[in-house]
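Enquirer: Got a structure here, written out as structure tokens. Questions coming.
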Amino acid sequence: MAPRMVCSLVTAAIAAVSLLTATKIAIAAIAVTEAKIENGRLTVKGTGPAGTYVKLDSLAAVPINARTREWAYDIVYHPGDCIVELKLIGATAPEVKAVVALCGPRGLRPRGAWSATVKIFRE
């Protein structure tokens, strides 16, 4: 190989490595495999990239298992609209929303005795 060609290949390789290290690479989004309320507990499970954490709504984050790439929440929690928002911590992946099975949205809050003349509004 001619010295000029070797120099061009080395320059191209250095440029490619520089571009990859300077660019913030997006990590694949998480996948939800289960989201339900059962026996008074919210269970949300899924998979995602190893070495990151998943945050559900504004609750504490849980780690993604490095070997299985799985994560899980099993907590006493009722999302008011039966939709949970999941986000990868420390990654540029988009937020993921999931509808919770066997969940009923919050109803009306009673505000005193019933009266046919008082209008009831949903919060």
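Enquirer: Kindly indicate the residue of segment 62-77 that is under 14 Å from Lys45 (Cα atoms) and not hydrophobic (A, V, I, L, M, F, W, C) and also surrounded by the fewest Cβ atoms within 10 Å (Cβ to Cβ) among those meeting that condition.
Expert: For segment 62-77, the residue satisfying everything is Thr68.
Enquirer: Ok, one more. List the number of the failed condition for Arg109; all other conditions in (1) assigned to a strand (DSSP E or B); (2) surrounded by fewer than 14 Cβ atoms within 10 Å (Cβ to Cβ) hold.
Expert: (1)
Enquirer: Does Val99 count as among the β-branched types (Val, Ile, Thr), modelled with pLDDT of 95 or more and surrounded by 15 or more Cβ atoms within 10 Å (Cβ to Cβ)?
Expert: Considered against the rule, which asks whether it is among the β-branched types (Val, Ile, Thr), modelled with pLDDT of 95 or more and surrounded by 15 or more Cβ atoms within 10 Å (Cβ to Cβ), Val99 comes out as no.
Enquirer: Restricted to segment 18-47, and to residues that are more than 30 Å from Arg106 (Cα to Cα) and surrounded by 10 or more Cβ atoms within 10 Å (Cβ to Cβ), which residue is modelled with the highest pLDDT?
Expert: In this case the residue turns out to be Ala28.
Enquirer: Can you name every residue in segment 52-79 that is in a strand (DSSP E or B) and either of a type outside the set (Asp, Glu) or under 20 Å from Asn39 (Cβ atoms) (or both)?
Expert: Tyr53, Val54, Lys55, Leu56, Ala61, Val62, Pro63, Trp71, Ala72, Tyr73, Asp74, Ile75
Enquirer: List the number of the failed condition for Gly80; all other conditions in (1) modelled with pLDDT of 95 or more; (2) loosely packed, with under 15 Cβ neighbours inside 10 Å hold.
Expert: Every condition holds for Gly80 apart from (1).
Enquirer: Determine the pairs where a residue that is among the hydroxyl-bearing types (Ser, Thr, Tyr), located within segment 83-101, has a partner that is loosely packed, with under 14 Cβ neighbours inside 10 Å with Cβ atoms under 7 Å apart, the partner being 6 or more residues away or on another chain.
Expert: Sorted first by the residue in segment 83-101, then by its partner, the pairs are Thr92/Lys24; Thr92/Ala26.
Enquirer: Outside any loop (DSSP other than H, G, I, E, B) and surrounded by 11 or more Cβ atoms within 10 Å (Cβ to Cβ): is that true of Ala93 in this structure?
Expert: no
The values are calculated or read from the model by the stated rules, or taken from the named source; none is laboratory data. Owing to the predicted nature of the structure, the values given are computational and were not obtained by experimental measurement. Methodologically, a virtual Cβ is constructed for each residue, glycine included, from the backbone with ideal geometry; neighbour enumeration extends over all protein chains shown.
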